[in-house]
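Reading through the structure tokens given below for one structure.
The values are calculated or read from the model by the stated rules, or taken from the named source; none is laboratory data. Since we're looking at a predicted model, the values are computed, not measured. With ideal geometry, Cβ positions are generated from the backbone for all residues, glycine too; neighbour counts draw on all protein chains shown. Protein only, heavy atoms only, side chains kept; ligands, DNA and RNA dropped before computing areas. Shrake-Rupley method; radii C 1.70, N 1.55, O 1.52, S 1.80 Å.
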Amino acid sequence: MRDFDEFAAAATQPLLRLGWLLTGHAEQPQDLAQTTLIRTYGAWHRVRHDDALSYARRVMVNLHTDWLRRRPWREQPRADLPAEGTGHDGGHGAVEDRAALVAALQSLTRRERAAIVLRYYVDLSCQAELLKM
């Protein structure tokens, strides 16, 4: 399974970024990425290795949808932000832009959010996604 190890090492960061765009939270993308890699590993014999990242992205979007369905017992986002930032993003403008992006994504339905993220972040065309369904 050396080929999966190489895939997992290369796919972790893109999956974490995709998870952050889908959830808008700091911790949930780590859980999503880890569960995505576990499920991808379980189906590795069926995955086309030249398209493994697409398979993993589809798994992540489906997992996120499942998590949203069970959301009432999960922690809920707060409307008010803490007064002080974490200082990791280099400036207040970046924090405000990021907060605006997250707010805009969270105002969409789960399907709309997934479509926007897959189209503009992952750069998939609408036709490419429809062909895979």
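Miscellaneous remarks
Quick grid of which residues meet (1) open to solvent by 80 Å² or more (accessible area, probe 1.4 Å); (2) of a type in the set (Phe, Trp, Tyr); (3) in contact with a Lys or Arg (Cβ under 9 Å, 6 or more places away or on another chain):
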position	(1), (2), (3)
PHE7	no, yes, no
GLN13	yes, no, no
ARG17	yes, no, no
TRP20	no, yes, no
THR23	no, no, no
ALA26	no, no, no
THR35	no, no, no
VAL47	no, no, no
ASP66	no, no, no
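- Search result, residues across the range 22-58 that are within 20 Å of GLU112 (Cβ to Cβ) and not small (Gly, Ala, Ser): LEU22, THR23, HIS25, GLN28, PRO29, LEU32, ARG57, ARG58
- Among the residues making up the range 1-46, those that are of a type in the set (Asp, Glu) and more than 15 Å from the chain's Cα centre (by Cα) are ASP3, ASP5, GLU6.
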